[in-house]
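Visitor: After the C-alpha cells below, expect a handful of questions from me.
The values are calculated or read from the model by the stated rules, or taken from the named source; none is laboratory data. These figures come from a predicted structure and were not determined experimentally. Ideal geometry is used to build each Cβ from the backbone, glycine not excepted, and the neighbour counts take in all protein chains shown. Side chains are part of the model used for accessible areas, which takes the heavy atoms of the whole protein and leaves out ligands, DNA and RNA. Shrake-Rupley method; radii C 1.70, N 1.55, O 1.52, S 1.80 Å.
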Amino acid sequence: MPDSVRIQTDPGSAAVGEYLASMLSALGMSAAANDSGDFRLHLGGSQPAEGYLLRVSESGVELEAGSEAGLFWGIQSIRQLLKKDGEHWSLPQTRIEDYPRFSYRGAMLDVARHFFSVADVKRYIDDIVLLKLNVLHLHLTDDQGWRIEIEGWPNLTEHGASTQVGGGGGGYYTQGDYREIVAYAASRFVTVVPEIDLPGHTNAALASYPELNCDDKAPALYEGIEVGFSSLCVDKKLTYKFLEDVLGQVATLTPGPWLHIGGDEAHSTPEADYLKFIARASKIAASTGKTVVGWHEMGKSAELPTGTVGQYWSYTTPREDAAERARQFLASGGKLILSPANAIYLDMKYEESSPLGLNWADGPTSVRRSYEWEPLEVVPGAAEGDLLGIEAPLWTETITSISEIETMAFPRIASAAQIAWSSKTRPEFAEFTEQLRNLGSVLEREGIKFERAAGISWH
Ligand code: TNX
C-alpha cells in the first residue's frame, strides 16, 4: 500500500470515509479524499442490517454496505487486517461478506464504583468498536457514587458523587459531559444505554437527600464493596417525584431507545415492596418513551410495561430461578440481553492469581471459558428471536484506571464480540486463539492494554 492513500467516497459514505482517513493517519499514512481511490467506499449495497462486503485485490480495496454502520464495521475489519511489512502497510487479498447475528452487541462500564473521565469513556468506545460492538451501557449510579448531574437535585452530585470504592474522591458527568459521550458514541455507531440502578444500590442518593429515606435520616457515604444494603423508600411520594425527574432528564439526554432501571440485588427491599416499586418505576421509565431495560430480577414482577427488556446475569448453565425471571420478560412481550456472569463478566479474574478482579462467578474466567458458550443454551425456552443480543459487563470494584479496564476486557471481550457477531457455527477455540494472537498485534500497535492470557502464543 502506498504511504499516501486515496479514499474515494460517494455522498453517503463521505463521513465514514473521513473516519477511515483519520484511522490511516493515526498509523502514519497520509490519506486524502480523491475520486479515484485506493480505497473505494460505496453506500447503497444490499447487505443485511450492519452488514458489509469487503474486497481487497490488486486493484485496491472496495467496501460497500447498505448502511453507514455497515461501512463503519467494514472499516473495523480493515483496522484488524492491516499489517506492517517492513516499512509499508499492507492488506491481505480477501473477500469478506459479513453481517451480525445480534443487533445488540454490548459492553457495560461501571462508572459508579470507580469514576472514569469522559476521555477514558471515549477511549473505551474506540476500543470496543474495533470488535464491532455497538452498545455501551453506562452503570451511572450505585451505593458508592452518583455520576450524572440532575437538575433540581444538586446534592446528588455535590455530595453523592464525592466518593468511590476505597476513597480517593469520585466525580460525575455534567449533563454537557454526558451529551459529549453520547455524541462521540453516535459518531462511532455506538448507542449509549444509561442505567439508574433502583431501588437498591442507591446509598449515594440516600446519603445526599435525607428526605428520600423512610426515617428522613441520611446514611453516611459508602466506599466499601458490599451489595444489597440500601433501598429507596417505597411508600414515599417524594420517591416517585425523584424518579420522574431523574428518569425524565436522563431519557431526554439520551438519543438511544433504551433506559435501564437496574432492579438487581435489592436485598433490603421486602418482596412485596419490591414488586410495588418495580411496577411504578418501570411505568415512569416507560412514560419517557424509552424501552425499559432491567436486570433479570425485575422478572419477579408480572406488571412490566410491554416490551421491557431483561438482562440475564446468571450462569451459562441454566439456573432455573434466574431463567424463570428471564422468561417473564418474554411473556411481557420483551426480549433478552444475555450477560452470563461466569462467561462474560469482565471483572472476573482470569485465574486465581490474577491481581485484579473478583472471583465469585464460578471461579476465575479463562479466555477459553469466555468463548465456549452458546446463547441459545443459557435460558431454556428462549429462542433465537427472543434474544436481543449479548453484553459484557465490567464492574469496577477493583478497577481504577483505563489501563486496568483494558487489561480486564481484552482479550475476553473479543469472545463476547465473536459470539454476538458470528453465526452459531463458530471456529473451534484453537482456531479462535489464532485470531486472538493477531488481535494482540493490533492491540499492541494501538497501545490498547491486554492480558497476555495463558494458552495463547502471543507474538
Ligand atoms: C453483581 S451483576 C452485581 C454488581 C456487582 C457485580 C460484581 C449485577 C446485576 N449486580 O452489583 O458489581 O456482581 O461482579
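Visitor: Counting other C-beta atoms within 10 Å, and keeping those with at most 12, which DSSP coil chymotrypsin sites (Phe, Trp or Tyr not before Pro) do you find in segment 277-366?
Guide: Answer by residue number: 360.
Visitor: What number, in percent, do you get for the relative contact order of the chain if the mean sequence gap of Cα pairs under 8 Å and at least 6 apart is divided by its residue count?
Guide: 12
Visitor: Using a 1.4 angstrom probe with every protein chain in place, what is the largest-first accessible-area order of 214, 233?
Guide: 214, 233
Visitor: I would also like to ask the following. Rounded, prolate or oblate: which fits segment 127-179, taking a ≥ b ≥ c as square roots of the Cα gyration tensor eigenvalues, rounded meaning a/c under 1.5, else prolate when a/b beats b/c?
Guide: Oblate is the answer for segment 127-179, as a/c is 1.5 or above yet b/c matches or exceeds a/b.
Visitor: Assign one of three labels to segment 54-120, namely rounded, prolate or oblate, based on the Cα gyration tensor with a ≥ b ≥ c the square roots of its eigenvalues; rounded applies when a/c is under 1.5, prolate when it is not and a/b is larger than b/c, and oblate otherwise.
Guide: The shape class here is oblate.
Visitor: Can you send over the carbon and sulfur percentage of the accessible area for segment 146-282, probe radius 1.4 Å, protein chains only?
Guide: C and S atoms contribute 53 percent here.
Visitor: Given R₀ = 45 Å, what would the calculated FRET efficiency be for residue 384 paired with residue 3, taking r from the Cβ atoms and rounding to 0.05?
Guide: Given R0 = 45 Å and the Cβ-Cβ separation, E is 0.45.
Visitor: Let me have the relative contact order for segment 4-98, percent, based on Cα pairs under 8 Å that are six or more residues apart.
Guide: Worked out over segment 4-98, it gives 25 percent.
Visitor: While we're on this one: Place +1 on the Cβ of every Lys and Arg and -1 on the Cβ of every Asp and Glu in the chain, take the dipole about the Cα centre, and give the residue among 354, 191, 138 whose Cα lies farthest towards its positive end.
Guide: Looking along the dipole axis, the top candidate is 191.
Visitor: If you roll a 1.4 Å probe over segment 104-144 with all protein chains in place, what percent of the accessible area is carbon or sulfur?
Guide: 51
Visitor: Rounded if a/c is under 1.5, else prolate if a/b is larger than b/c, else oblate: which is the chain, with a ≥ b ≥ c the root eigenvalues of its Cα gyration tensor?
Guide: Verdict is prolate for the chain.
Visitor: Taking a 21 Å limit on the Cα-Cα distance, which of the listed pairs 132/290; 335/424; 132/283; 83/424; 241/290 fall beyond it?
Guide: Long pairs (Cα-Cα over 21 Å): 132/290; 132/283; 83/424.
Visitor: With every protein chain in place, what's the accessible area of residue 423 (1.4 Å probe, Å², nearest 10)?
Guide: That residue has around 60 Å² of solvent-accessible surface.
Visitor: With a probe of 1.4 Å, find how much accessible area the chain has per residue, and write the answer as a whole number in Å².
Guide: With all protein chains present, the chain gives 37 Å² per residue.
Visitor: Another one. Mean residue ellipticity at 222 nm from the helices of the chain, using -39,500 (n - 2.57) per DSSP H segment of n ≥ 4 over the full residue count, to the nearest 500 deg cm²/dmol?
Guide: Rounded to the nearest 500, it is -10000 deg cm²/dmol.
Visitor: For segment 216-277, which trypsin sites (Lys or Arg not before Pro) are in a loop by DSSP, counting at most 13 other Cβ atoms within 10 Å?
Guide: Hits after loop and neighbour filter: 217.
Visitor: Over segment 359-459, what is the relative contact order in whole percent, taking alpha-carbon pairs under 8 Å and six or more residues apart?
Guide: It comes to 33 percent, rounded to a whole number.
Visitor: What is the angle, in °, between the Cα long axis of helix 320-331 and the longest principal axis of the Cα atoms in the chain? Nearest 10 is fine, range 0 to 90.
Guide: 80
Visitor: Tell me which residues come under 5 Å, amide H to amide H, from residue 82 once H is placed; ignore anything under 5 positions away on its chain.
Guide: Amide H neighbours of residue 82: none.
Visitor: Further, regarding this structure: At a Förster distance of 60 Å, what's the computed FRET efficiency of residue 80 paired with residue 241, Cβ-Cβ distance as r, to 0.05?
Guide: Efficiency at R0 = 60 Å is approximately 0.75.
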